[in-house]
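Working notes, beginning with the structure itself.
The values are calculated or read from the model by the stated rules, or taken from the named source; none is laboratory data. Treat the numbers as computed from the prediction; the structure is a model and nothing was measured. Because the Cβ atoms are built from the backbone with ideal geometry, glycine has one as well, and the counts that use them run over all protein chains shown. Heavy atoms of the whole protein, side chains included, go into the accessibility calculation; ligands, DNA and RNA do not. Shrake-Rupley method; radii C 1.70, N 1.55, O 1.52, S 1.80 Å.
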Amino acid sequence: MQKIEEVTLLYEISKALNVSLDLKKSLYEVLEILSSSMDMERGTITILNPLRNEIHIEVAHGLSRAAMARGKYKLGEGITGRVIETGKALLVPKISEEPLFLNRTATRKAVHDKELSFMCVPVKKGNQVVGALSVDRPFEESYSLKDGKRLLSIIATMIAQRVINLETIQFEKEQLREENQRLQEELSNKFRITNIIGNSNKMREVFQMISQVSKSNATVLLRGESGTGKELAASAIHYNSLRSKSPFVKVNCAALPSNLIESELFGHEKGAFTGAIRQKRGKFELANKGTAFLDEIGSIGIDVQVKLLRVLQEKEFERVGGYETIKADVRIIAATNKNLEQAIEEETFRGDLYYRLNVFPIYMPPLRERKTDVLLLADHFLEKYAKENHKDIRRLSTPAIDMLIQYHWPGNVRELENCIERAVLLCEEGVINSYHLPPTVQTAEESDTLPGRSLEDALANLEREMIIDALKTTRGNMAKGAQILKTTERKFAYKALKHDVDYRLYR
């Protein structure tokens with residue numbers, strides 16, 4: 001018999017149990033190790049369903065699916081049922097001589113030239129028996145079943161500890177999920193910023209600053225690159241403020257010609273200039289008792305900056321061509337992607353206006369500094385545009401996710417949104433793959449588009465990706481995966497083997 005030193009064996013099993021959070025995958029690996037180390041012909045790990053007092057095979061080595069399905073016992077029934085009922089291990093030197101042995105899986109044929117021994121030990125969580133570990137091996141006079149039972153009992157304890165650890169992790173995850181949900185609901189009700197998506201540390205800082213400033217009347221300056229969500233932050237501040245029932249007026253200063261921005265902000269009287277055929281109220285009048293959001297504040301000219309400073313300091317202004325002083329109770333939120341400090345040095349932006357605007361600055365981080373939010377945002381936009389376009393697209397493939405995470409996103413959230421919208425429009429499947437993403441996102445290293453790569457390599461990469469996606473969708477079912485890809489199970493299995501894809505990893 002080929003035998004590994006006991007310590008080495010236990011080390012290998014410990015490593016197998018802790019290599020993955022997927023318990024089923026780990027248990028299959030344990031049985032594979034036992035097969036090679038203990039000359040095991042068959043091995044099973046059975047689980048007790050306490051609600052139905054029924055025992056079923058969870059994982060097995062050396063058994064077909066049909067045989068596993070037949071392996072069901074009532075509590076106390078057969079060797080396995082008795083082990084789980086009593087919590088005590090049982091050893092059967094020769095299964096042909098044991099009347100309790102049911103052979104329910106119908107895999108052990110009565111052959112005289114090959115007698116089998118059977119060992120079954122309980123898997124316990126504390127004093128509670130949750131299942132059993134059993135092993136078939138060829139009968140040998142020289143083999144000590146007691147030593148085998150002792151070794152299996154140690155392994156069963158390791159399995160039970162793994163189950164306990166996973167249950168603890170799952171419980172903690174559920175607690176965190178519930179706490180996160182509670183906080184999100186509280187945040188939604190209290191701050192109304194559910195339209196700003198992110199759970200990275202930098203975005204948490206933004207949420208905290210919004211919550212601190214929103215109830216005040218302080219002027220806020222939102223800073224950050226284009227596409228980082230400054231307008232969403234301004235909306236969150238207003239709708240959580242005491243002015244939430246009053247107007248929220250938005251002005252994009254960069255979109256207005258320099259000769260019209262003064263009229264747009266302060267209004268004008270009839271006849272003030274050519275084309276002023278009637279009196280017009282400006283944005284500050286319209287925003288009275290509410291909030292005015294001045295986007296791209298760094299784009300306004302010096303002459304308008306003087307009047308804006310007066311609004312901030314004195315809360316009053318005159319319309320263009322008018323003499324009546326108009327009082328305006330307006331809270332101002334400004335935003336810019338420019339370096340205002342440099343603009344002050346270059347004398348294109350007034351220092352006194354800067355200090356009046358910069359009462360409470362909030363920095364909106366670029367997407368490359370909050371990579372943990374990329375997938376969260378991508379899933380949100382995927383759901384949004386799939387619904388808008390009436391498409392049943394459920395998820396992003398793993399290579400597509402890797403590309404999104406690794407890309408540097410110079411256009412920030414706005415670029416990501418456009419990227420996902422484009423991918424949804426191109427996708428005619430249930431999954432967005434890497435080839436649906438824009439060329440800018442498909443880096444040469446990740447998309448396998450390096451110059452000089454052969455057509456065969458590119459096709460092989462695509463085949464492997466589609467096989468993996470099919471197995472993920474069907475949870476490792478080869479037959480259903482073949483149906484999805486409209487091929488035969490034999491061809492599917494051949495291709496999976498060719499591309500080194502193990503269906504068991506996706507169960």
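Dividing the alpha-carbon radius of gyration of region 17-59 by the rule-of-thumb value 2.2 N^0.38 Å gives 1.33. Here the chain is assigned +1 on the Cβ of each Lys and Arg and -1 on the Cβ of each Asp and Glu. Its dipole about the Cα centre then comes out at about 1660 debye. Size descriptors for region 296-439, from the alpha-carbon set: Rg then Dmax equal 22.2, 65 Å. A dipole drawn for region 19-76 from +1 and -1 charges on Cβ atoms has a positive end, and of SER26, ILE55, GLY43 the residue lying farthest that way is ILE55. For an R0 of 51 angstrom, estimate the FRET efficiency from the Cβ-Cβ distance between GLN128 and LEU459 and round to the nearest 0.05. Calculated value: 0.45. Loop-resident GluC sites (Glu not before Pro) (DSSP state other than H, G, I, E or B) in region 378-444 with no more than 10 further Cβ atoms inside 10 Å of their Cβ: GLU428. For the set LYS25/LYS173; LYS245/LYS338; LYS250/LYS371, the pairs lying more than 24 angstrom apart at their alpha carbons are LYS245/LYS338; LYS250/LYS371. Exposed loop sites, defined as chymotrypsin sites (Phe, Trp or Tyr not before Pro) outside DSSP H, G, I, E and B with at most 14 other Cβ atoms within 10 Å, are absent from the longest region of the chain, namely 1-272. When ARG223, ARG162, ARG65 are compared by accessible area at a 1.4 angstrom probe, the order from most to least is ARG65, ARG223, ARG162. Rounded to the nearest whole angstrom, the semi-axes of the ellipsoid equivalent to region 1-93, taken from the Cα gyration tensor as √(5λ), stand at 24, 16, 13, largest first. Over all Cα atoms in region 378-507, the spread is summed up by Rg and Dmax: 15.5, 46 Å.
In summary, the aspartates and glutamates within cross-link reach of LYS315, defined as a Cα separation below 20 angstrom excluding same-chain residues under 8 places away, comprise GLU262, GLU264, GLU269, GLU285, ASP295, ASP303, GLU324, ASP329, ASP352. Computed on protein heavy atoms with a 1.4 Å probe, the accessible areas place SER35, SER64, SER26 in the order SER64, SER35, SER26, largest first.
From the Cα trace of region 263-322, what convex hull volume per residue do you get, rounded to a whole Å³?
Taking the convex hull of the Cα positions in region 263-322, it is 92 Å³ per residue.
How many lysine pairs in region 465-507, separated by 8 or more positions in sequence or lying on different chains, have Cα atoms less than 15 Å apart?
4
State the three equivalent ellipsoid semi-axes of the chain, derived from the C-alpha gyration tensor as the square roots of 5 times its eigenvalues, in descending order and whole Å. Please list the in-between numbers first.
Working: eigenvalues 969, 135, 68 Å².
Those come to 70, 26, 18 Å.
Against the compact-protein benchmark of 2.2 N^0.38 Å, the Cα-based radius of gyration of region 172-328 scales to 1.27.
With 0.36 nm allotted per residue and the present C-alpha distance subtracted, the ARG490-LEU425 stretch has 20.1 nm of extension available. Its alpha carbons considered, region 224-293 gives a radius of gyration followed by a Dmax of 14.4, 41 Å.
Structural descriptor for the chain: relative contact order 10 percent, calculated from alpha carbon pairs under 8 angstrom and at least 6 residues apart. Placing dummy labels 7 Å off each Cα toward the beta-carbon, the span from GLU32 to SER216 is 6.0 nm.
Normalised per residue, the accessible area of the chain is 54 Å², obtained with a 1.4 Å probe and no contribution from ligands, DNA or RNA.
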